[in-house]
Amino acid sequence: MKQFICLLLLLSSSPLWAQSKYTVSGYVREKGSGELLIGVTIYQPGTSVSTTTNTYGFYSLTLPATTDSLTLVFGYVGYQSETRHLAWNRSQELNVSLQSQATLQEVEIVANRVERVSQSALMSKIEVPVSQIKNIPALLGEKDVLKVLQLMPGVQKGSEGNSGLYVRGGGPDQNLIILDDAPVYNASHLFGFFSLFNGDALKSVELTKGGFPARYGGRLSSVIDLNMKEGNKEELHGEGGIGLISSRLMLEGPLKKGVSSFLISGRRTYADVLARPFMDIDGKAGYYFYDLNTKVNYDFGRKDKLYLSGYFGQDRFFFKENDGGFDAEGGINWGNATATLRWNHLFSDRFFANASLIFSRYRFNIFADEEDAGYEYQLDYFSGIRDLGLKYDVDFIPNPQHAIRLGLMTTAHRFQPSALVVKDTQADHFKRKEKNVDGLESALYLEDTYKPFPELRLNAGLRLSHFAADKKSYLLPEPRLSAAYSLRPDLALKASYASMNQYVHLISNTGLGLPTDLWVPTTDRIAPQRSQQVALGLAKDFQNPDLALTLEGYYKKSDNIIGYKEGASFLLLDDPESAEEVDWQDNITSGQGWSYGVEFLLQKKVGRFTGWAGYTLSWTQLQFDSLNFGKKFYARYDRRHDISLVGVYQLSDKLTLSGTWVYGTGNAITMPIGSYTAMPNDPSLLKRGHSPFYSYSNISDYGERNGQRMAPYHRLDVGLQFHKKKRWGERTWELSFYNAYNRRNPFFYYLSSEFSPSEGARVNKLKQVSIFPIIPSVSYGFKF
């Protein structure tokens, strides 16, 4: 690795380059705060020459010394474009600050050029401005990044209100969710109804569904890359809000003006506090969750920058009871913690490197404690996963035709599928069972965004992944290729291929991404999940209005996907003795999956009216030898049709109107299609003196797995924001209506046995449960 870096440095500084080319490089920041901006487009007008800033706001552009001057334009969504004229007679550093349109008193909406979808080599990638996320109406007023991503084509939601993501037929465990380089393993609060990402602390959100660059790996279906703000380097600012179920506050400001800054953001629900006065003094129960995001950074100068960021959050459900001599308490806790230490170093004006030290942990706990007249019973159950990782990434940009990225990563996983402590003094019983599994995951990657001629752009790469655990190791290559060919300057034909491997697995009873789901490693018995995906599409940019249109078709084949066997559970609470003998691998079955479809997206990111329209036509099927008699069946979240319409309209500086409408084919479910009576196999069970039918059993016939469909799902959400400038900043009142026309969408079905007078017998009737009618909410927000 060191030899390769030295070779790149030698090439970038050789006389051959210096004689014919110059390089302009630097950082792009937000004016007034010093925040580095990701994905700013820098281009030379009238040519195809362009580049973008990386995750740390750095760009580099190397051009021939054929003219005496150079003009560059810097464009970014939501910011005023900047034009710079340079004397082109030497390599030079050019740092630029862009003015946010949101900070201007009078905003003139102009069509700034940003990186157009037709001019990017990548496909199946969606960026959603955080400012737009904050304007979209949400359940109980809680702005939710993951629920906004559910509104994108190719992304299905789970059940009603759930924040789980099912991308192109994949499950929740097949999404790589990254917060400042740290993986997040369970991204939900309140059993999946809210995600743990607080929009006040986020700078960027990017979703990749296919055509994955080689720098990403470890999951099959998607990458959700989130980056936190760095904090204002110039002055203290704050933002917060008070809602129906939670309040939040974010503070950012300089530690040393212009050099170092901090950010801290917190959020907490208070349902437990509000309910406390109404509870009996002898018994209490409650639930709450909290989030804490924090980040500090230090700028050592042009060449070195240091960042330290972290996330800490937890859900807690608890109960306590005191009745005479009987005391009992218990609950369920689960939470995430991440920390990332990053060091940027600029070796030269074409050679940028970042080193990251990463910590991530997810833990789930069930506990109960009872005491009664000297008798004591305790139960403590844990499961979780902990990561310690190291990454080193390099950006090398020798000329406008090449943008090379390479790097390596290694992660030490510690899996805890189960840890159980049971104490029963009455039975003189005490058991402690704990099993940890260690695994080492590593990867080496190289990718190049190459423009052999102006009409063709390629992103080609290779990732070599390795995993070792339980005396078994795997070494697997993952080739990647994305290509875009310009049919016209604003129209491109795109294609991609990606091979992916996944070495960590989530086993679930429900498919909802609940905290009871377990993370487990690849072993000698459980093979890594693998997928291959191809996609073909068109990308079109419109100048006026500023719209982007993508149409993509995809096909994905997955192997070694896993799930619980029929009747298996994550914990045998009723029989701790047997739980000690059961290996979680005995409860697992593996199979394969197929997903294919067509996606349409029309998106507008700039102007008074922004939003998108998305449509997905898709099929997802699974096949397990031990399920459904080995025959293929539709996945629970297979949806034939999925439509999302999202709009945000700034009526004036004081009023913003927003709305979403969604429609989806009902989930596939398994329900009884008939019933019959059966005589027991053992004749001794027939009771003497009774009818032979006394001991007969009523058996339900469920037919094929997921052979029925729930009713279609559709819903309208609307929101109004009232803004007002104050001497100290800005305040916003928001009124929103979730499910505005009160659609009774099914959450689940069940059969109820009822007497029918017309038939003179009891019959089964299908009943539907809906949980979210029209829900109004009001919240108060402020900035200073």
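The values are calculated or read from the model by the stated rules, or taken from the named source; none is laboratory data. Keep in mind that this is a model prediction, so the values were computed, not measured. Neighbour counts run over all protein chains shown; Cβ positions are idealised from the backbone, glycine included. These area figures cover heavy atoms from the full protein model, side chains too; ligands, DNA and RNA do not enter into them. Shrake-Rupley method; radii C 1.70, N 1.55, O 1.52, S 1.80 Å.
Need one word for region 202-267: rounded, prolate or oblate. Basis is the Cα gyration tensor (sqrt eigenvalues a ≥ b ≥ c); a/c below 1.5 gives rounded, then a/b vs b/c decides. Judged from the Cα gyration tensor, region 202-267 comes out oblate (a/c at least 1.5, b/c at or above a/b).
Both the radius of gyration and Dmax for the chain are 28.4, 110 Å, in that order, over alpha-carbon atoms. The accessible-area ordering, largest first, of the residues His641, His85 stands as His85, His641, per a 1.4 angstrom probe.
Sorting 214-224, 439-449, 757-767 by average packing, meaning the other beta carbons within 10 Å per residue, from highest down gives 214-224, 439-449, 757-767.
Set the Förster distance to 30 Å, then compute FRET efficiency between Leu440 and Arg316 from the Cβ-Cβ distance, nearest 0.05.
Details: r = 33 Å, r/R0 = 1.09.
With a Förster radius of 30 Å, E is 0.35.
Only lysine pairs 8 or more places apart or on separate chains count here, and in region 244-383 those with Cα atoms under 29 Å apart total 9. Each residue of region 310-318 is assigned a 3J(HN,Hα), and the resulting list reads x, 10, 9, x, 7, 10, 9, 10, 9 Hz, derived from the Karplus form 6.51 cos²θ - 1.76 cosθ + 1.60 (θ = phi - 60°), x at Gly and Pro.
Under the simplified labelling scheme, the Leu341-Lys303 pair shows an inter-label distance of 2.2 nm, with each label point 7 Å from Cα along Cα→Cβ.
Placing unit charges on the Cβ atoms of the charged side chains and taking the dipole of the chain about its Cα centre, the candidate lying farthest along the positive direction among Ser50, Ser348, Gly241 is Ser50. On the protein heavy atoms, probe 1.4 angstrom, tell me the percent of accessible surface of the chain carried by carbon and sulfur. The nonpolar share, carbon plus sulfur, comes to 57 percent. A 1.4 Å probe over all protein chains sorts Lys203, Lys725 by accessible area into Lys725, Lys203, starting with the largest. Using heavy atoms of the protein chains and a probe of 1.4 Å, the accessible area assigned to Trp334 is about 0 Å².
Check which residues have an amide H placed less than 5 Å from Tyr702's amide H, if you skip close sequence neighbours. Those qualifying (amide H under 5 Å, at least 5 residues apart or on another chain) are Ile673. The length gained on full extension between Ser48 and Arg525, counted as 0.36 nm times the residue separation minus their Cα-Cα distance, comes to 166.5 nm.
Using the average count of surrounding beta-carbon atoms within 10 Å as a protection proxy, the listed peptides 342-353, 167-178, 484-495 rank, highest first, as 167-178, 342-353, 484-495.
Normalising by the residue count of the chain, find the relative contact order in percent from Cα pairs under 8 Å and 6+ residues apart.
Values: 2161 pairs, mean separation 79.9, N = 784.
Taking the mean separation of contacting Cα pairs over the length of the chain, I get 10 percent.
Exceedance of the 22 Å cut-off in Cα-Cα distance is limited, within the set Lys209/Lys631; Lys134/Lys783; Lys134/Lys157, to Lys209/Lys631. By a 1.4 Å probe calculation restricted to protein chains, Lys320 has an accessible surface near 120 Å², given to the nearest 10. Using the 1.4 Å probe convention, the accessible area of the chain works out to 44 Å² per residue with neighbouring protein chains retained.
Rounded to the nearest 10 degrees, the inclination of helix 2-12 to the longest alpha-carbon principal axis of the chain is 40 degrees.
Helix-only estimate, please: 222 nm mean residue ellipticity of the chain, summing -39500 (n - 2.57) across DSSP H runs of length 4 or more and dividing by its residues, to the nearest 500. Could the numbers behind the result be given before it?
Numbers: 6 runs with 37 residues, N = 784.
Computed ellipticity for the chain at 222 nm equals -1000 deg cm²/dmol.
Can you tell me which of 629-637, 649-657 comes out highest on packing, and rank the rest after it, using the mean Cβ neighbours within 10 Å? Let's see the in-between values first.
Working: 629-637: 16.7, 649-657: 14.0.
By packing density, highest mean first, the sequence is 629-637, 649-657.
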